[in-house]
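What follows is a short report on a single structure.
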Amino acid sequence: MIRLEDVHKSFGKKPVLRGVSLTVEKGSSTVIIGGSGTGKSVTLKCVLGLIQPDSGRIFVDGAQAKGGDRTEFLSRFGMLFQGAALFDSLPVWQNVAFRLLRGPDALPRPQARDKAIEKLARVGLGPEVADLFPAELSGGMQKRVGLARAIAADPEIIFFDEPTTGLDPIMAGVINDLIREIVTEMGATTMTITHDMSSVRAIADRVAMLHDGIIRWEGDIREMDTTSDAYVQQFIHGRAEGPIAAVR
Amino acid sequence: MGAVESLLAGFGARVIATLAAIGRISIFAVRALLQLITPPFYGREIFNAFLSVGYYSLPVVGLTALFTGGALALQIYSGGARFNAEAVVPQIVAIGMVRELGPVLVGLMIAARVTSSIAAEIATMKVTEQIDALVTLSTKPMAYLVAPRVLAGLVMVPLLVGIGDIIGIMGGYLVGTGRLGFSETAYLSNTVDFLEMRDIVSSLAKGCAFGFIATLMGCYYGMGAGRGAQGVGRATKTSVVAAAVLILAANYVLTEAFFSA
Ligand SMILES: Nc1ncnc2c1ncn2[C@@H]1O[C@H](COP(=O)(O)OP(=O)(O)OP(=O)(O)O)[C@@H](O)[C@H]1O
Ligand SMILES: [Mg+2]
C-alpha cells in the first residue's frame with residue numbers, strides 16, 4: 001500500500017504540489033489523470049525519492065520512505081519514465097536486463113538475455129531489436145523497451161508514466177492488456193499516468209484526478225462517468241469550456 | 001543603494017557562491033574517493049573508463065609532447081647561445097618536460113578531451129532522466145558512473161604523463177640530434193644522468209592529481225547539470241574551465257611541495 005499525506009513541492013517560487021493526499025491499495029491499479037504540467041510525474045518521483053517533497057509524508061507498506069540509501073527500497077519498484085530514459089550506451093537487451101545483471105541476485109548473462117527477450121515479446125517487440133541501441137528505435141519502440149525494463153525483474157510496485165503515448169491504437173491496446181494482466185495475475189500494485197481515456201477505462205481500478213496541486217477527485221473507475229464533478233467531466237470529455245482553464 | 005554598494009554586494013555574492021561551490025566540490029571529491037573503496041564495483045564500466053581515459057588519449061598526448069619537446073630544444077638552444085650555454089639542451093629539456101610541461105600539458109589535454117566528454121555524457125544522462133532511471137534500478141550513480149571514471153583518471157593519467165615525458169624527451173632528442181648537432185649517445189646519457197628520482201616522482205604525482213581533478217570536474221558538473229540542451233552545454237563548458245584552472249593551481253602547489261628549497 002502506498003500512502004501520500006499532504007505532500008507539498010515547489011520549484012523555486014512555483015508551487016506544483018500543494019497538499020497531495022492519496023492512498024493506493026496493494027494489488028490495485030490506480031490511474032492518475034490531470035492536465036499537462038499539473039505535477040503528475042512529480043508525484044511519482046516523490047514516491048520514488050527522486051524528488052524530495054518540501055513537506056508531507058509518504059508511506060510504502062506502512063514504513064515512511066526516507067532519504068539516504070534507497071537501493072533496498074527501490075528494488076521493489078519498477079518505473080517507466082515519460083521519456084523512456086533508456087541508457088543509450090547499452091543495447092536494448094542490456095537495458096531491459098539492467099537490474100537482472102546486477103546486484104546480489106544477478107543472473108548469468110545468457111539467462112538475463114533470455115529473460116529480456118521474453119519481456120520484449122510481452123511488449124510486442126521481436127528478438128531482433130535486442131541487439132540494437134536505443135537511438136536506432138522509434139519513439140514508440142523506445143517507450144515499450146522502457147516498459148519491458150520496468151517489468152523485467154517482476155517488481156511488486158510499478159509506476160507507468162504515460163505508457164501508451166506515442167503508440168498506435170493496436171499497440172496501445174496490447175500495452176493496456178499487459179498492465180491489466182500484471183495487476184490481476186501477478187498481484188502488482190501500479191500507478192499509471194495517462195491522458196488516454198480508453199487506457200484509463202482499460203487499466204484503472206481507481207482514478208485520481210490531479211488539478212491545481214491537489215487530488216481534485218478520486219474514486220472508483222465505475223464512478224468516473226457519473227460523477228457530477230465538473231473538472232472530471234470536462235477532462236474526460238475533452239471540452240475546451242469548463243472550470244479548467246485552457247491556458248496553463 | 002548606491003553604485004558602489006551594489007558593486008560590493010555583487011562582488012560579495014560572487015565570493016559566497018564561489019566558496020559554496022568549493023565546499024560542494026570538496027564533499028563530492030570525498031564521496032567519490034570513498035566510493036572507490038566501497039562495493040559494488042562495476043568491472044565493465046571500469047574497463048571502459050580506462051580505455052577511454054587512457055588508451056584513446058594516447059595520440060593526443062603523444063603529439064602534444066612530441067612537438068613541445070622539439071620546440072623546447074630549439075628555444076633552449078637559441079636562448080642558451082646568448083651566454084654560451086647551448087650544451088645544456090638535453091638537461092633542460094629533460095627537466096622542463098618531466099617536472100612541468102609533461103604533467104601540465106597532459107593534464108590540460110585530458111581536461112579538453114576527457115573532462116568535456118565525461119561532463120557532456122553525464123549531463124545528457126541527467127537531462128534525459130537516465131540518472132533517475134539508474135537510481136530506480138537500485139544502482140548508485142556514484143558507484144556506476146563516477147567511481148570508474150575517477151579511478152581511470154587516478155591510474156591512467158600518471159601513465160599518460162610518464163609516456164608524455166618520454167615522448168617529449170624524444171622530441172627534444174630528435175631536434176637536438178637532427179638539427180642542432182648533438183651526438184646521439186651524449187644526448188641520451190646527459191638526459192639520464194641528469195634526471196633525479198624526485199623529478200620523476202613529482203611528475204607522476206602531478207599526473208595523479210591532474211587526472212583526479214579532470215575526471216572529478218567532469219563528473220561533478222555533469223551530475224549537477226541544469227535542464228535541457230543548454231544545461232548540457234553549460235555543464236561541459238564550466239567543467240573544462242574549472243578543470244583547467246584547478247590543474248594549473250594544483251601544479252603550482254605541487255611544485256612548491258616538491259621543489260621549494
Ligand atoms: N526538476 C524540475 N525543476 C523545475 N521544475 C520542474 C521540475 N520537474 C518538474 N517541474 C515543473 O513541475 C510542473 C509539473 O511537472 P510534471 O512533469 O509533473 O507535469 P505532468 O503533470 O507530468 O505533465 P505532463 O502530462 O505534460 O507530463 C511543471 O510545470 C514543470 O515545469
Ligand atoms: Mg509527466
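Observations, loosely collected:
- Gap separating the Cα centres of the range B:148-184 and the range B:197-215, nearest whole Å: 14 Å
- Placing unit charges on each Cβ (+1 for Lys and Arg, -1 for Asp and Glu) gives chain B a dipole about its Cα centre, and among B:GLY176, B:GLY153, B:GLY69 the Cα reaching farthest toward its positive end belongs to B:GLY153.
- Ratio of Rg to Rh for the protein assembly as shown: 1.11 [Cα atoms; Kirkwood radius as inverse mean 1/r over pairs].
- For the residues of B:122-135, the average number of beta carbons from a partner chain within 10 Å of their own beta carbon is 5.
- At a probe radius of 1.4 angstrom, the accessible area of chain B per residue rounds to 49 square angstrom.
- In the protein assembly as shown, the calculated helix contribution to ellipticity at 222 nm averages -18500 deg cm²/dmol per residue, counting -39,500 (n - 2.57) for every DSSP H run with n ≥ 4.
- Percent of beta bridges antiparallel (DSSP, the protein assembly as shown, rounded to nearest 5): 55 percent
- Ranked by the mean number of other Cβ atoms within 10 Å of their residues, highest first, the peptides B:13-25, B:137-149, A:177-189, B:210-222 come out as B:210-222, B:137-149, A:177-189, B:13-25.
- On the range A:89-154, 55 percent of the accessible area sits on carbon and sulfur atoms, based on a 1.4 Å probe.
- Entries of B:LYS126/B:LYS237; A:LYS9/A:LYS45; B:LYS206/B:LYS237; B:LYS126/B:LYS206; A:LYS119/B:LYS126 with Cα pairs more than 19 Å apart: B:LYS206/B:LYS237; B:LYS126/B:LYS206; A:LYS119/B:LYS126
- Each residue of the range B:76-82 was assigned a 3J(HN,Hα) from its phi angle through the Karplus expression (A = 6.51, B = -1.76, C = 1.60, θ = phi - 60°), giving 5, 5, 6, x, x, 4, 5 Hz with x at Gly and Pro.
- Note on the range B:20-34 and the range A:76-102: Cα centroid distance 29 Å, given to the nearest whole angstrom.
- Taking every residue in A:79-86 and counting other chain Cβ atoms within 10 Å of its Cβ, the average works out to 5.
- Mean shadow area of the range A:89-154 over all directions, Cα convex hull, nm²: 4.0 nm²
- Chain A - share of DSSP beta bridges that are antiparallel (%, nearest 5): 55 percent
- Interface burial in the range A:97-121 reaches 50 Å² or more for A:PHE98, A:ARG99, A:ARG102, comparing the full protein assembly with the chain by itself; accessible area from heavy atoms with a 1.4 Å probe.
- Three-way shape label, chain A, alpha-carbon gyration tensor, a/c 1.5: prolate
- Accessible area that becomes buried as A packs against B, both chains, 1.4 Å probe, Å², nearest 100: 1700 Å²
The values are calculated or read from the model by the stated rules, or taken from the named source; none is laboratory data. Computed from a predicted structure; not experimentally measured. Don't worry about glycine lacking a Cβ; one is built from the backbone with ideal geometry, like all the others, and counts go over all protein chains shown. Surface areas here come from the heavy atoms of the whole protein model, side chains and all, with no ligands, DNA or RNA. Shrake-Rupley method; radii C 1.70, N 1.55, O 1.52, S 1.80 Å.
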